[in-house]
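Beneath this line is the structure, given in structure tokens, with notes to follow.
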Amino acid sequence: MIILPSVDLRHGQVVRLKQGDYGRQINYSVDPVETARSFRDAGATWMHIVDLDGAKEGRPMQTELIGQMIEASGLKVEVGGGVRTREDIGRLITAGAERVVLGTKAMEDWKWFEEQVNDAELARRLVLAVDAKEGVIAVKGWMESSGRLAVDVAKIVSDWPLGAILYTDVAKDGMMTGPNYEQTKKLAQAGKVPVIASGGVGTVEHVREAKNTGAWGCIIGRSLYEGTVDLREAIAIGQS
């Protein structure tokens, strides 16, 4: 299982939101570029970046900074937050992103999303963000319900040339109480697209449990900054 250390950016700073709530923001006094380098130095091969300003505004807002982080670290990076157009995707790939995460736009305009996924230039380069509350996908920065079940969507895209499905349980995110293992396992078993577990990793035991779900990857954020998970140890567990 691949460990993807995560950086959430807001106004150029590294932050964390509890359960996706902009009113419950935790600020970390670390440099985004140096943080990216530290992940590489700990042995990471991938990094996950969320442009929170982009998610709120509906268009990527911190692409230049993200490009600097990618260049400085040399890591493979997936980026999400506010991606709504083919041009947004292209700019992030030009900035160095290996994969681009689509969530709200995919749910709101499924035909457009299908077209992008089946564009040969974007094969395996798009990630579908499945952010759910009690199994139902949430959109628009998790503020609205789509009415669609996460497992159903995973089945629909099973044979699509997607890079991954990024599954986040909104209730777990930023809380460090462990991911939603049951739902993660259901998604991993629902189709052929690799699943990334996200939201709630607070201990290395959570990493071990996530690995048992059959997930391809696991995102770790807040617990790295607060010292409850050691990235090197998490990577070792993922590789074992």
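What follows draws every value from the coordinates through simple rules; no lab data is involved. Treat the numbers as computed from the prediction; the structure is a model and nothing was measured. Note that each Cβ is placed from the backbone with ideal geometry, even for glycine, and that neighbours are counted across all protein chains shown.
For residue 58, what residues show an amide H to amide H distance below 5 Å, using hydrogens built from the backbone and excluding near sequence neighbours?
Close amide H contacts, sequence-distant or interchain: none at all.
What is the distance in Å between the Cα centroid of segment 83-148 and that of segment 167-214?
The distance from the Cα centre of segment 83-148 to that of segment 167-214 comes to 19 Å.
Considering the options 36, 117, 197, tell which one lies farthest towards the positive end of the dipole of the chain, charges being +1 on Lys and Arg and -1 on Asp and Glu at the Cβ, about the Cα centre.
Ranked along the dipole, the leading option is 197.
Classify the chain as rounded, prolate or oblate from the Cα gyration tensor: take a ≥ b ≥ c as the square roots of its eigenvalues, call it rounded if a/c is under 1.5, otherwise prolate when a/b beats b/c and oblate if not. Mind showing how you got there, number by number?
Working: a/c = 1.33, a/b = 1.11, b/c = 1.20.
Rounded, since a/c falls under 1.5.
What are the ³J(HN,Hα) couplings of segment 46-55, residue after residue, when phi is run through the Karplus curve with 6.51, -1.76, 1.60 and θ = phi - 60°? Round to Hz, x for glycine and proline.
10, 9, 10, 10, 10, 8, 5, 5, x, 4
Pop out the ³J(HN,Hα) list for segment 230-235 in order, Karplus 6.51 cos²θ - 1.76 cosθ + 1.60 with θ = phi - 60°, rounded to Hz; leave Gly and Pro as x.
Each residue's phi maps through the Karplus curve to give 8, 4, 4, 5, 4, 4 Hz.
Among 240, 225, 20, flag the residue with its Cα farthest along the positive direction of the charge dipole of the chain, charges on Cβ as +1 for Lys/Arg and -1 for Asp/Glu.
Towards the positive end, the residue furthest out is 240.
Pick from 112, 46, 216: which residue has the top mean-square fluctuation in a GNM of the chain where Cα pairs under 10 Å get a spring?
Per the Cα network of the chain with a 10 Å cutoff, 112 tops the list.
Quick one: of the DSSP bridges fully inside the chain, what percent are antiparallel, nearest 5? Intermediate results must be reported in sequence, preceding the final value.
On the way: 13 of 43 bridges.
For the chain, the DSSP antiparallel bridge percentage is about 30.
What's the magnitude of the charge dipole for the chain around its Cα centre, counting Lys and Arg as +1 and Asp and Glu as -1 at the beta-carbon? Answer in Debye, nearest 20.
Value, rounded to 20: 320 debye.
List the residues whose amide H sits under 5 Å from the amide H of residue 100, counting only those 5 or more places along or on another chain, with H placed 1.01 Å from N in the peptide plane.
Long-range HN contacts for residue 100: 79, 126, 127.
Do any GluC sites (Glu not before Pro) in segment 143-240 lie in a DSSP loop with no more than 16 other beta carbon atoms within 10 Å, and if so, which?
Taking segment 143-240 and a limit of 16 other Cβ atoms within 10 Å, the loop GluC sites (Glu not before Pro) found are 226.
Report, by chain and number, residues whose modeled amide H sits under 5 Å from the one on residue 131, excluding near sequence neighbours (fewer than 5 apart, same chain).
138, 168
In terms of the Cα gyration tensor, with a ≥ b ≥ c the square roots of its eigenvalues, is segment 1-130 rounded because a/c is under 1.5, prolate because a/b exceeds b/c, or oblate?
oblate
Residue by residue, what Karplus-based ³J(HN,Hα) values in Hz, rounded to whole numbers, does segment 144-153 have, using 6.51, -1.76 and 1.60 with θ = phi - 60° and x for Gly and Pro?
9, 8, 8, x, 9, 7, 4, 5, 4, 5
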